[in-house]
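Each remark here refers to the structure printed beneath this line.
The values are calculated or read from the model by the stated rules, or taken from the named source; none is laboratory data. The structure displayed is predicted, hence computed values, not measured ones. We place every Cβ from the backbone using ideal geometry, glycine too, and count neighbours over all the protein chains shown. We work out accessible area using only protein heavy atoms, side chains counted, and drop any ligands, DNA or RNA first. Shrake-Rupley method; radii C 1.70, N 1.55, O 1.52, S 1.80 Å.
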Amino acid sequence: SFVRGYLIRKKVAVLNQKAASIQKTFRRHIQRQSFLYDLANITILQNIYRLNKAKKEMQKLRSIISAQSFVRGYLLRKKIVVMNEKATSIQKTFRGHTRRQSYMYDLANIT
């Protein structure tokens, strides 16, 4: 009877150790799953934050590019106006010169 009790207690102790090992492994599995779930959610939040940040940066760049485009267009139009005025001045001077030449030629042929 003493030996039987010893063997049963030893068997129960082994079973308790195995049960504890199984419980420990299961708890570790649950914790790992919870950690991975939280990690996935954090990664998703980081991606959303980075996407929004990139969109804001892109909007800033578009605004800057738009302003640059406006200024360049204004400066180019201003340059074209100046060039047109200069071209008109050259044409006016040339026409005056040709008219004077023609007038001088006509005067020389009249007398």
Among (i) 62, 30, 15; (ii) 43, 34, 25; (iii) 162, 17, 8, which is the computed Cα extents along the principal axes in Å?
(iii)
Given Cβ charges of +1 for Lys and Arg and -1 for Asp and Glu, the option among 49, 37, 65 whose Cα lies farthest towards the positive end of the dipole of the range 34-96 is 65
Expressed in nanometres to one decimal, the distance between label points 7 Å along Cα→Cβ at residue 29 and residue 108 is 11.6
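Accessible area per residue for the chain in Å², computed with a 1.4 Å probe and the full protein assembly in place, what is it?
On a per-residue basis, 99 Å².
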Partner lysines whose C-alpha sits under 29 Å from that of residue 10, ignoring same-chain residues fewer than 8 away, are 18, 24
In degrees, nearest 10, the alpha-carbon axis of helix 2-110 is tilted away from the dominant principal axis of the alpha carbons of the chain by 0
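Please report, in debye to the nearest 20, how large the charge dipole of the chain is about its Cα centre when each Lys and Arg carries +1 at its beta carbon and each Asp and Glu carries -1 there.
Numbers: 24 positive and 4 negative charges, 202 e Å.
Using only the charged Cβ atoms, the result is roughly 980 debye.
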